[in-house]
Amino acid sequence: MTRKNVAVFTATGCKACENAILDIHYQVSSLARWAHFTFWPYVLGSSWEDLEKSDELDVCFFAGAIRTASDEEAALKLRQKSKILVAFGACAAFGGMPGLSNLHPGGESALCKSPSDDDCPELPPLRSRVAALQQIVQADYILPGCSPPQNYIWAILQSLVCQSESAARISFAASRLPQPIAQAVMAGVLPPGGSIFAGEKAVCASCARIKEEKRFESFKRIHQIDPDPGRCLLEQGLLCQGIATREGCGGLCTGAGVPCRGCFGKAGAVFDPGAKMVSAVSSTFDTTDGEEMKKIAEEFVDLAGTFYRYTMPAQCALLQNRKELK
Amino acid sequence: MANISIGPLRWQAEPSRVEIRQSGESVRSYYQVTAPRDVSSMCKGRPVEELPRILSILSASHHLASAVTLDNLFGVTPPPTAKNIRDALVQSLTFIHHARKLLFLLSSSQNPFGLRAELAVRAGTSPVAHHVLDEIGHAMALAQEAASILGGRHPHPLTAVAGGVSRPVKEIHYRRLAEIAESSLPYALRLRDIFREKIIGSGNGLYELMDLTVSPIASITFSGVEDAIVLTGADGSGSTTFTANKTTDTLEALREPWTHLPFVHVKGKTWQGPISDQSEGLFFVGPLARLNRCKPARTPQAEEERLHLVNSLGPAPHFSAIAAYWSLVVEIIQASEIMKDLCTEEKLTGLEVRTIASNPGGQHAHGALEAPEGFIYHHYQVDERGIVDDVTVLDAASENNALRCLLTQKMVEDAFEHGKPWDRAKKTIELSLLPF
Ligand code: SF4
Ligand code: SF4
Ligand code: SF4
């Protein structure tokens, strides 16, 4: 089997996605049997000239959001050079937490004036809005999560790089993956284009907390209560995004006693995560009285920053439809 | 005038490159971070209790620094078990942070991925065998498992909340933590041996690290015991202390138009720009800064290693890259020993892990933490509903930014003077920046 040419790159985000590849059960070095890392600036110091000189890439894992003109250029170059481009992690897939800056356009750009002295180098211009990779170029596969969990990283490497020839440690991942992807991973063929390496249902499907169909009378904030360890957090008054979020993490946050914030993006059947949450939450109010409902609703704070914590640029339908914001 | 650009640089958390302007006999470098982090616009308008999760984008330690700031904002004290859980998380993060840097150092002259690396080792052109790197990787995997148990997730933890942690450590998890703690110390000592053999004692190319040094500069550390931030003079003496809420009276961040990373320096002292070592306002943070406080290590085997360093390199303060790498080794041993001490049933288990907060006690809060990467500081300003109006974060990257610029300038001048090829200069710059 010939080794695949693989690239790893992060635009604007953090290095946790790349470190997560380095950390795959500490088997990363064994990947050398299947992968030739042609371009990996963070680990190998590869330059853009190296990329130009290299053969076509078989797979490129692209992490981070598109914040600057050079992020955008990188996305275009890597798309052009790669047979398969993967949006790796929540930033690349949906804009991630850097996308929250879209709520305050201008932000840091206001602080970065143009160079005063002629000699000093310029910075790549900032885009007016943070974008997800998919909003610039087409990605072939999506691996959500902030950062994606190890078992899914294995699953995607197994599928796209090793083609099922490595010792797989993906049983959990495969069990939560939609059937066509799981079958493709096991069979060593490429999954259907556009596949999202995560579950199909909502986080609630794999969350260990019990839903009792109880309603809540008032909204709570995480510092105000010590929630019952076994019961659904939403039913205890905490805004939990699990109801609108694609499953796959196994309910990591809710298992740790804090609500889901949606790093896997919206679940398969959800049109807009914020709209889904508003309808789910309002149907949980323990009242039908208009005035009381208004009072409960007034207690909620920062719905945009909570419901689109990781997905503002790519999954907020309201913003998608406002041309002037694109 | 010739313009040269080298980068992207390896191993930097921020996307960075070095831009060089050469004119006649003079050469000027710009260590440039090319993407903004802009955490303040991610945080403004959020409920303040969400900040530990959002700010973890900077590093896992910022999750903890943010929780400390929330403790102060809400005026709540975490129960002892919660403090131990947070401290154990710091130790696991220290192990991971330092081991990753040492792993990068040890694999710096080879492509760490497999076949070619093996061949290079066999041919004697590469100093470190592949299985050694795998061994370090395995130790990091265990530390990451500990961090996931303690923080709920790695590398962006979740469990630190105002007044403690969000859930107690379960019996089954405690047992696993104790196992991991037991096995980390032998790994740390093995890393020490590898470091001594492959870096200190080998005489190979990495030994040139010895030459990488800057002029003496001040350093800043945070002492949790004294609850004070300590500014130690460049010669290791004359330390001054201040509390977290006085941080912005003492330190300030400056921006240059050519980089997204600000420069934090001491207010009211001279500041002659990021490549001048003449500025009195210069300081740095991190493991070497802690070593330069000249205090004994907290644990016996780490202290033994610190004394070994002092015997070999002389008494602190030190400003060389080799001392900075060595201090990572001292601290990785220390973190393992503390972990072992913390992972007892008495210290980690117990259901009292949170003090419930009510409303913010004021509109401002400050928090400081001595993180694996160095002293970090948070300040939040909130409205009466606890919604964030403003955030100030001083992190190790911006505190060490001036030092990084100085080191880069030094390496660039050296390469220029000796006619070194720029690709070699790039490797030296990467190695000199890595331990800071
Ligand atoms: S998705 Fe999360 S881990 Fe990945 S780059 Fe973005 S912030 Fe970092
Ligand atoms: S809403 Fe949250 S806590 Fe409740 S079941 Fe769903 S994921 Fe679990
Ligand atoms: S529970 Fe939600 S926020 Fe947490 S890891 Fe899973 S998808 Fe991401």
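For the range B:247-259, enumerate the residues that are surrounded by 19 or more Cβ atoms within 10 Å (Cβ to Cβ), within 14 Å of chain A (Cβ to nearest Cβ) and either in a strand (DSSP E or B) or of a type outside the set (Asp, Glu) (or both).
Across the range B:247-259, the qualifying residues are B:Trp258, B:Thr259.
Cβ-Cβ distance below 9 Å, separation of 6 or more or different chains: which pairs start in the range A:196-216 with a residue that is farther than 23 Å from A:Gln183 by Cβ and end on one that is open to solvent by 40 Å² or more (accessible area, probe 1.4 Å) and part of a loop (DSSP other than H, G, I, E, B)?
A:Cys204/A:Lys211; A:Arg209/A:Asp228; A:Arg209/A:Pro229; A:Lys214/A:Asp286; A:Arg215/A:Ser283; A:Arg215/A:Asp286; A:Phe216/A:Asp286
Picking from A:Ser147, A:Ser175, which residue would you name as being at pLDDT 90 or above and either touching a Lys or Arg at 6+ places or on another chain (Cβ under 6 Å) or not β-branched (Val, Ile, Thr) (or both)?
Matching residue, one of A:Ser147, A:Ser175: A:Ser147.
Residue check: is B:Asp227 loosely packed, with under 14 Cβ neighbours inside 10 Å and over 17 Å from B:Leu369 (Cα atoms)?
no
Can you find a residue that is more than 28 Å from A:Asp302 (Cβ to Cβ), open to solvent by 10 Å² or more (accessible area, probe 1.4 Å) and touching a helix residue (DSSP H, G or I) at 6+ places or on another chain (Cβ under 6 Å) anywhere in the range B:374-385?
no
Restricting to the range B:57-75, what's the tally of residues that are out of contact with any Leu (no Cβ under 8 Å at 6 or more places or on another chain) and farther than 22 Å from B:Ser148 by Cβ?
Number satisfying all stated conditions: 5.
So A:Pro121 passes all but one of these: (1) part of a helix (DSSP H, G or I); (2) modelled with pLDDT of 85 or more. Which condition number does it fail?
Of the numbered conditions (1) part of a helix (DSSP H, G or I); (2) modelled with pLDDT of 85 or more, the odd one out for A:Pro121 is (1).
Could you pull out every one of the helices (runs of 4 or more DSSP H) wholly within the range B:260-353 that has 3 or more residues that are open to solvent by 10 Å² or more (accessible area, probe 1.4 Å) and over 19 Å from B:Lys410 (Cβ atoms)?
Output list reads B:300-313, B:321-342, B:345-348.
Suppose we filter the range A:40-88 for residues that are more than 14 Å from chain B (Cβ to nearest Cβ) and under 16 Å from B:Pro8 (Cα atoms); how many remain?
Here the count works out to 1.
Restricting attention to the range A:240-256, which residues are more than 7 Å from ligand 2 (Cβ to nearest atom) and surrounded by 24 or more Cβ atoms within 10 Å (Cβ to Cβ)?
Listed by number, the residues that qualify are A:Gln241, A:Ala244, A:Thr245, A:Arg246, A:Gly248, A:Cys249, A:Cys253.
Give the range A:224-259 a look and list any residue that's within 11 Å of another protein chain (Cβ to nearest Cβ) and hydrophobic (A, V, I, L, M, F, W, C), or say none.
Across the range A:224-259, the qualifying residues are A:Ile225, A:Leu233, A:Leu238, A:Leu239, A:Cys249, A:Leu252, A:Cys253, A:Ala256, A:Val258.
Can you tell which of B:Ala13, B:Ala67 is surrounded by 21 or more Cβ atoms within 10 Å (Cβ to Cβ) and within 12 Å of another protein chain (Cβ to nearest Cβ)?
B:Ala67
What is the number of the single condition among (1) surrounded by 15 or more Cβ atoms within 10 Å (Cβ to Cβ); (2) touching a helix residue (DSSP H, G or I) at 6+ places or on another chain (Cβ under 9 Å) that A:Gln236 does not meet?
All conditions are met except number (2).
For the range A:230-282, which residues satisfy the criterion of being in a loop (DSSP other than H, G, I, E, B) and within 16 Å of ligand 1 (Cβ to nearest atom)?
Those that are in a loop (DSSP other than H, G, I, E, B) and within 16 Å of ligand 1 (Cβ to nearest atom): A:Gly248, A:Cys249, A:Cys260, A:Arg261, A:Gly262, A:Cys263, A:Phe264, A:Gly265.
Do you know which residues across the range A:266-316 are within 14 Å of another protein chain (Cβ to nearest Cβ) and either open to solvent by 40 Å² or more (accessible area, probe 1.4 Å) or more than 16 Å from ligand 2 (Cβ to nearest atom) (or both)?
Listed by number, the residues that qualify are A:Glu298, A:Glu299, A:Val301, A:Asp302, A:Leu303, A:Ala304, A:Gly305, A:Tyr308, A:Thr311, A:Met312, A:Pro313.
Considering (1) within 16 Å of ligand 1 (Cβ to nearest atom); (2) farther than 30 Å from B:Glu145 by Cα, say which one A:Thr288 fails and leave the rest.
Result: A:Thr288 passes all but (1).
Give, as residue ranges, the strands (runs of 3 or more DSSP E) completely inside the range B:149-246 that count at least 2 residues that are in contact with an Asp or Glu (Cβ under 8 Å, 6 or more places away or on another chain).
Filter on the range B:149-246 gives B:218-223, B:240-242.
With respect to the numbered conditions (1) within 11 Å of ligand 2 (Cβ to nearest atom); (2) buried (at least 24 other Cβ atoms within 10 Å of the Cβ); (3) within 12 Å of another protein chain (Cβ to nearest Cβ), which one is the sole condition not fulfilled by A:Cys263?
So A:Cys263 meets the others, but not (1).
Hey, among the residues in the range B:22-48 that are at the interface with chain A (Cβ under 9 Å from one of its Cβ atoms) and surrounded by fewer than 19 Cβ atoms within 10 Å (Cβ to Cβ), which one's farthest from A:Met97 (Cα to Cα)?
Among those that are at the interface with chain A (Cβ under 9 Å from one of its Cβ atoms) and surrounded by fewer than 19 Cβ atoms within 10 Å (Cβ to Cβ), it is B:Ser23.
Of everything in the range A:185-223 that's outside any loop (DSSP other than H, G, I, E, B) and within 14 Å of chain B (Cβ to nearest Cβ), which residue is nearest to ligand 3 (Cβ to nearest atom)?
Across the range A:185-223, the extreme among qualifying residues is A:Val203.
Is one or more of the residues making up the range A:87-94 surrounded by fewer than 21 Cβ atoms within 10 Å (Cβ to Cβ) and not assigned by TED's automatic domain parsing to the domain that holds A:Cys263?
Start the filter on the range A:87-94 by keeping residues that are surrounded by fewer than 21 Cβ atoms within 10 Å (Cβ to Cβ), which leaves none.
No.
For B:Ile194, all conditions in the list (1) within 14 Å of chain A (Cβ to nearest Cβ); (2) touching a residue at least 60 places away in the same chain (Cβ under 8 Å) hold save one; what is the number of the exception?
(1)
Residue by residue, here is whether (1) open to solvent by less than 30 Å² (accessible area, probe 1.4 Å); (2) within 16 Å of ligand 2 (Cβ to nearest atom); (3) at pLDDT below 90 holds:
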{"residue": "A:Met1", "(1), (2), (3)": "no, no, yes"}
{"residue": "A:Ala7", "(1), (2), (3)": "yes, no, no"}
{"residue": "A:Ala11", "(1), (2), (3)": "yes, no, no"}
{"residue": "A:Leu22", "(1), (2), (3)": "yes, no, yes"}
{"residue": "A:Gln27", "(1), (2), (3)": "no, no, yes"}
{"residue": "A:Trp40", "(1), (2), (3)": "yes, no, no"}
{"residue": "A:Val43", "(1), (2), (3)": "yes, no, no"}
{"residue": "A:Trp48", "(1), (2), (3)": "no, no, no"}
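Restricting the first residue to the range B:39-59 and requiring it to be within 24 Å of B:Gly75 (Cβ to Cβ), which pairs with a second residue that is of a type in the set (S, T, N, Q) and buried (at least 24 other Cβ atoms within 10 Å of the Cβ) meet a Cβ separation below 8 Å and a spacing of at least six or different chains?
Here the result reads B:Leu51/B:Ser66; B:Leu51/B:Thr69; B:Pro52/B:Ser66; B:Leu55/B:Ser66; B:Ser56/B:Ser66, each pair linking the range B:39-59 to a residue that is of a type in the set (S, T, N, Q) and buried (at least 24 other Cβ atoms within 10 Å of the Cβ).
Restricting the first residue to the range A:277-302 and requiring it to be in the same structural domain as A:Lys266 (by TED's automatic domain parsing), which pairs with a second residue that is in a helix (DSSP H, G or I) and exposed (fewer than 13 other Cβ atoms within 10 Å of the Cβ) meet a Cβ separation below 8 Å and a spacing of at least six or different chains?
These pairs meet every condition: A:Met293/A:Ser282; A:Ala297/A:Ser282.
Just give me the residues in the range B:354-371 being in contact with a Ser or Thr (Cβ under 7 Å, 6 or more places away or on another chain) and either within 14 Å of chain A (Cβ to nearest Cβ) or open to solvent by 30 Å² or more (accessible area, probe 1.4 Å) (or both), in sequence order.
Within the range B:354-371, B:Thr355, B:Ala365, B:His366, B:Glu370 meet the criteria.
The values are calculated or read from the model by the stated rules, or taken from the named source; none is laboratory data. Computed from a predicted structure; not experimentally measured. FYI the Cβ positions are ideal-geometry reconstructions off the backbone, even for glycines, and counts take in every protein chain you see. Surface accessibility is based on the protein's heavy atoms, side chains included, excluding ligands, DNA and RNA. Shrake-Rupley method; radii C 1.70, N 1.55, O 1.52, S 1.80 Å.
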